[in-house]
Amino acid sequence: MCTGKCAKCIGCTLIPLSIICITSNAILFFPGWSTEPSKEPGTQLTPEVTMYLGIVGGGVMVLLPAIQILVAGGKGCCGNRCGMFLSILGAAAVLCGSLFCLTMSVVALHRGPVCQYYDVETNTTASPVPTTNTSLIWGRPFDNSVTEQNNENYLFHPEIWYICEAPPNVVEFNIILFPILIAASSIEAILGAIQLFNGLFGLICGTCRKKGDDYEDMIEDEKKEYKC
């Protein structure tokens with residue numbers, strides 16, 4: 001495949017992937033379809049969500065370069081080498097943004113969601129008989145000693161997901177959307193790496209457009225002007 005056609009294919013693929021990342025990150029601001037956590041993002045939202053990992057990392061940092069990469073696959077002077085050079089810079093931005101999104105998504109999935117759960121404390125100082133106090137707090141219940149007894153991640157123990165009292169079904173919400181972000185950003189990273197090499201070959205060899213292609217494009221442009 002010519003470098004120009006490859007760039008077009010990569011650009012066309014990156015655009016919907018970036019939209020998926022933006023949409024997934026935006027939905028994560030409303031865990032369990034609840035709007036309350038978004039009013040207190042500092043304490044009631046998963047920190048990685050507020051880093052805009054999908055909106056900025058896998059979204060804007062991929063969408064804008066993807067458009068440039070798509071354009072770089074078209075016609076231009078000197079085999080559009082200038083466009084292919086810019087596509088290398090765009091591919092580097094895609095790689096950085098997608099890796100940021102991928103890394104933060106993995107961390108968020110591993111540490112679990114921020115939710116409201118009962119914090120159990122045993123008080124032995126005020127009374128000779130130990131008493132147990134429970135209170136609802138916001139935090140990451142699966143990021144502490146809740147699952148350390150089995151030395152396994154909460155993802156493999158759905159029977160303890162009930163610990164999160166609010167927002168409703170927040171665990172299921174996160175384990176659906178964060179894997180989507182992981183999958184989309186992984187593909188973005190792979191395509192960004194491919195475009196780095198493709199852009200380098202395009203910079204050296206051009207976009208592999210034949211002279212006949214430019215002549216045909218010129219004839220088509222003249223026909224359009226004639227019709228107008």
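State whether one or more residues within the range 118-139 are modelled with pLDDT under 85 and either in contact with a Leu (Cβ under 7 Å, 6 or more places away or on another chain) or closer than 30 Å to Cys2 by Cα (or both).
Checked against the condition, which is being modelled with pLDDT under 85 and either in contact with a Leu (Cβ under 7 Å, 6 or more places away or on another chain) or closer than 30 Å to Cys2 by Cα (or both), the range 118-139 yields at least one hit.
For the subset of the range 10-46 comprising residues that are under 25 Å from Leu86 (Cβ atoms) and in contact (Cβ under 8 Å) with a residue 60 or more places away in the chain, which member is nearest to the chain's Cα centre (by Cα)?
Looking at residues that are under 25 Å from Leu86 (Cβ atoms) and in contact (Cβ under 8 Å) with a residue 60 or more places away in the chain, I get Cys21.
Restricting attention to the range 1-49, report how many residues are open to solvent by less than 30 Å² (accessible area, probe 1.4 Å) and within 14 Å of Ile69 (Cβ to Cβ).
9
How about the range 41-68: which of its residues are under 15 Å from Pro113 (Cα atoms) and not in a helix (DSSP H, G or I)?
Leu45, Thr46, Met51
Which of the residues spanning the range 194-205 are in contact with a helix residue (DSSP H, G or I) (Cβ under 6 Å, 6 or more places away or on another chain) and open to solvent by 10 Å² or more (accessible area, probe 1.4 Å)?
Across the range 194-205, the qualifying residues are Leu196, Asn198, Phe201, Leu203.
What number goes with the only condition from (1) within 29 Å of Ser135 (Cα to Cα); (2) surrounded by 21 or more Cβ atoms within 10 Å (Cβ to Cβ) that Ala66 does not pass?
Condition (1) is where Ala66 drops out.
The values are calculated or read from the model by the stated rules, or taken from the named source; none is laboratory data. Note that the structure is a prediction, hence the values are computed from the model and not measured. Backbone-built Cβ (ideal geometry, glycine too); neighbour counts: all protein chains shown. Side chains are part of the model used for accessible areas, which takes the heavy atoms of the whole protein and leaves out ligands, DNA and RNA. Shrake-Rupley method; radii C 1.70, N 1.55, O 1.52, S 1.80 Å.
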